[in-house]
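Worksheet: one structure, shown below.
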Amino acid sequence: MWTTNAAYKRNRTILPKILDYFGHHPTFFTISNRAMSQNLSPNPNPNPTYDVIILGASGFTGKHVREALKFLNVPSSPLKNFAIAGRYTSKLSQALQWASGPNSPPEIPILIADTTKPASLRHLASQTKIILNCVGPFRLYGEPVVEACVDSGCDYLDICGEPEFMERMEVKYHDKAVVNGSLVVSACGFDSIPAELGWMFNSRQWMPPAICSKVEAYISLESDKRIVGNLGTHESAVLGVANADKLQELRRSRPKRPRPVIPGTFPNDPMVNHLKKVGLWAVKLPSADATVVRRTLSCLAEDSRGLPGVVRFITVGKFIALFGKTDIGRWLLLNFPSVFSLGFFRKKGPTEDEVASATFKMWFVGQGFSDGSLASQGNRKPDMEIITRVMGPEIGYLTTPIILVQCALIFLKERDNLPKGGVFPPGIVFGPTDLQDRLQQNGISFDVISKKTVYRHGSSLQF
């Protein structure tokens, strides 16, 4: 087992907004000066041919097709039809055949589109309500798809975990997406829905007068066999290091957004620590989850396997950080992923057995005060802790398709109750919906592990 650690923090002043915003589902809302209105021009394509088009021709795409087929023409499902699209008919046919298992492939339309040919993407977007984009790395291939969707007024969901791409799309396309009624949401897979819904779930356990001032998230990937990641994830990580300066430049060029003031005193977390509460060793690392959660909180603020596994993971991170900064280094990383990731990534990806045996657990350790008034008493330390957990199957080939398809079903069923257009993080769009309930019905669980109050003399009360 190996673990990763990233901390998400938010303050007492924003907690009531979280509970109010995510406890109700308004049909109209505005977040400060970020345009998001129901009074928009009509959708350029009011009668699309398809409910959904899944873009991407690979075995990975087949996982999403298989998940979508479960809900096609089911009486309670809003999904009445969908198509798949990509550059090669043969690969798309193979994905469809795989998704059908031993049965004959259903009559799912196969469309041709190429991210290097904008006209093909515009034609694709004009035929559907939603495009589910599975073509990565998104830094290289994502923007033309976003642009086509925004221009056509159709909605866009993807499984991106690349912060620079997500933030750049928000800067470039948010205003136009508002005008055209196109809703653009990235990170609708394991990156970063479990993180978004996970901290919201933890937040809802804090009942007044208690307040939460810090939430740390710990990810544990477990398997009876070897854990192997998707090659696209490896490519995105390498390119992320190579272009880290562009992300910082983008952030410096934007107006500073509101940042919550954190009550209480918290020491800096070590790079490697032993989380005794859940029996894990953890290493802290950069995470798209943390970036996405911060974007959600900024929007709300504007409205008012043990230590050896950790060492192995650090070693892989060092390889990427060292080699990812040069052309020859990136060539080595991208052409020999199994060598430089110590087996975490392979060009062929994981086997079916490896996928079936893998699971994830994401722990959320919330710290705060049993009474909000205690937070203002100087350097008073938190006296209350709530631990929650999100748990599900393998993250890339099982959990991600489950999440993406459920997000699409919400778009189809509840579109009139969602923001009419704009580029948003998933928490803003899906936080007020029933996405958590949907995920629980499809194998991703949300549980409260413990609640306790710690008294000054060191004793604790578990409840």
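The values are calculated or read from the model by the stated rules, or taken from the named source; none is laboratory data. Here the structure is a predicted model, which is why all the values come from computation and not from measurement. Don't worry about glycine lacking a Cβ; one is built from the backbone with ideal geometry, like all the others, and counts go over all protein chains shown. Heads up: the accessible areas ignore ligands, DNA and RNA and are worked out on the full protein's heavy atoms, side chains in. Shrake-Rupley method; radii C 1.70, N 1.55, O 1.52, S 1.80 Å.
Count the net charge of all other residues whose Cβ sits under 12 Å from the Cβ of K246, scoring Lys and Arg as +1 and Asp and Glu as -1.
Local net charge: -1.
For labels at Q441 and D224 in the simple 7 Å Cα→Cβ model, what's the distance in nm?
That separation, rounded to one decimal, is 3.0 nm.
Can you work out D for region 89-184 in µm² s⁻¹ from Stokes-Einstein, where Rh is the Kirkwood radius over C-alpha pairs, the temperature is 37 °C and the viscosity is 0.692 mPa s? Display every interim value, and only then the final one.
Working: Rh = 14.3 Å.
Translational D for this selection: 229 µm²/s.
Please list M169, M207 in order of solvent-accessible area, largest first, computed with a 1.4 Å probe with all protein chains present. All intermediate terms of the calculation are to be shown ahead of the outcome.
On the way: M169 5, M207 110 Å².
Order by accessible area, largest first: M207, M169.
In square angstrom, rounded to the nearest 10, how much accessible surface does R122 have for a 1.4 Å probe?
120 Å²
Provide the net charge surrounding S445, with neighbours chosen by a C-beta distance below 14 Å and charges set as Lys +1, Arg +1, Asp -1, Glu -1. Display every interim value, and only then the final one.
Values: positive: K361, R389, R438; negative: D437, D447.
So the environment of S445 carries a net charge of +1.
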